[in-house]
Amino acid sequence: MAENEFDPLGIFTELNRQKVTFLLIGGLARVIQGADELTEGVDITLPLREENLRRLNLALEGLNARPRDRRKAGLAERIERGDQVIPFQTDRGELKVVPVPAGTQGFDDLRRRMSREYLGHGIRVAIPSIDDLSRMVGAMGRDEDIERLLGMRRLAELERSLGHGLEL
């Protein structure tokens, strides 16, 4: 594999191998939920408990992760400091840790309506609902996200309309 070739399944394999509890968020989560966009990285949020952060650090070592922003502080220190996004470059592509995604109260807020999606090769990932993914995009307030937000709202409407037809 070429250096830094995007391999999300490789990233998920290592996270799962180390038993990291996480939710996939960001572009790849939106794509899995049906969005029409391209992404070249994995964004996750997770419970910030000490044991889970220890497991994440082991996964980062297994992925040969290097901070993309060249900051020397450790993961726990950066979370405590309030960094909103902690980006890493791994041998499998970019991985961003987002302690508290925009528009949310963190992992526990998002896990209530999550689903587990099978991606193949024995890999399942937890993903927030379409509504929660929309909430995160909208909360960022960036002009470049307007089309993404509209697309996510269309997906939410489609999901609701399909759900009504399936009721007994």
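The values are calculated or read from the model by the stated rules, or taken from the named source; none is laboratory data. A quick note: this is a predicted structure, and the numbers were derived from the prediction, not measured. Cβ: placed from backbone, ideal geometry, glycine included. Neighbour counts: every protein chain shown.
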**Message:** Criterion first (out of contact with any Ser or Thr (no Cβ under 8 Å at 6 or more places or on another chain), β-branched (V, I, T) and at pLDDT below 95) does I79 satisfy it?
**Reply:** yes
**Complete:** Filtering segment 22-43 down to residues that are part of a loop (DSSP other than H, G, I, E, B) and touching a residue at least 60 places away in the same chain (Cβ under 8 Å) yields F22, Q33, G34, A35, D36, E37
**Request:** Count, please, the residues in segment 1-20 that happen to be free of Cβ contacts under 8 Å to residues at least 60 places away in the same chain, more than 16 Å from L119 (Cβ to Cβ) and not hydrophobic (A, V, I, L, M, F, W, C).
**Result:** 2
**Request:** Can you tell me which residue among F88, F12 is in a helix (DSSP H, G or I) and of a type in the set (F, W, Y)?
**Result:** F12
**Prompt:** Can you tell me which residue in segment 118-143 is surrounded by the most Cβ atoms within 10 Å (Cβ to Cβ), limited to those that are under 30 Å from L15 (Cα atoms) and among the acidic types (D, E)?
**Reply:** D132
**Fill in**
I79 fails exactly one of (1) touching a strand residue (DSSP E or B) at 6+ places or on another chain (Cβ under 8 Å); (2) over 25 Å from D7 (Cβ atoms); (3) touching a residue at least 40 places away in the same chain (Cβ under 8 Å), namely (3)
**Message:** Among the residues that make up segment 52-66, is at least one of them part of a strand (DSSP E or B) and farther than 30 Å from L162 by Cα?
**Reply:** yes
**Prompt:** Is segment 99-112 home to any residue that is without any contact (Cβ under 8 Å) to a residue 40 or more places away in the chain, surrounded by 15 or more Cβ atoms within 10 Å (Cβ to Cβ) and over 18 Å from the mean Cα position of the chain (by Cα)?
**Reply:** no
**Prompt:** Given the structure, is R92 under 16 Å from L24 (Cβ atoms), in contact (Cβ under 8 Å) with a residue 60 or more places away in the chain, surrounded by 12 or more Cβ atoms within 10 Å (Cβ to Cβ) and among the basic types (K, R)?
**Reply:** yes
**Elements of type helices (runs of 4 or more DSSP H) in segment 96-168, at least 3 residues being at pLDDT below 95** = 130-140, 146-165
**Item:** Pick from segment 23-64, criterion charged (D, E, K, R) and touching a strand residue (DSSP E or B) at 6+ places or on another chain (Cβ under 8 Å), ranking: surrounded by the fewest Cβ atoms within 10 Å (Cβ to Cβ)
**Value:** E40
**Request:** Determine whether T13 is in contact with a Leu (Cβ under 8 Å, 6 or more places away or on another chain), modelled with pLDDT of 90 or more, of a type in the set (S, T, Y) and buried (at least 17 other Cβ atoms within 10 Å of the Cβ).
**Result:** no
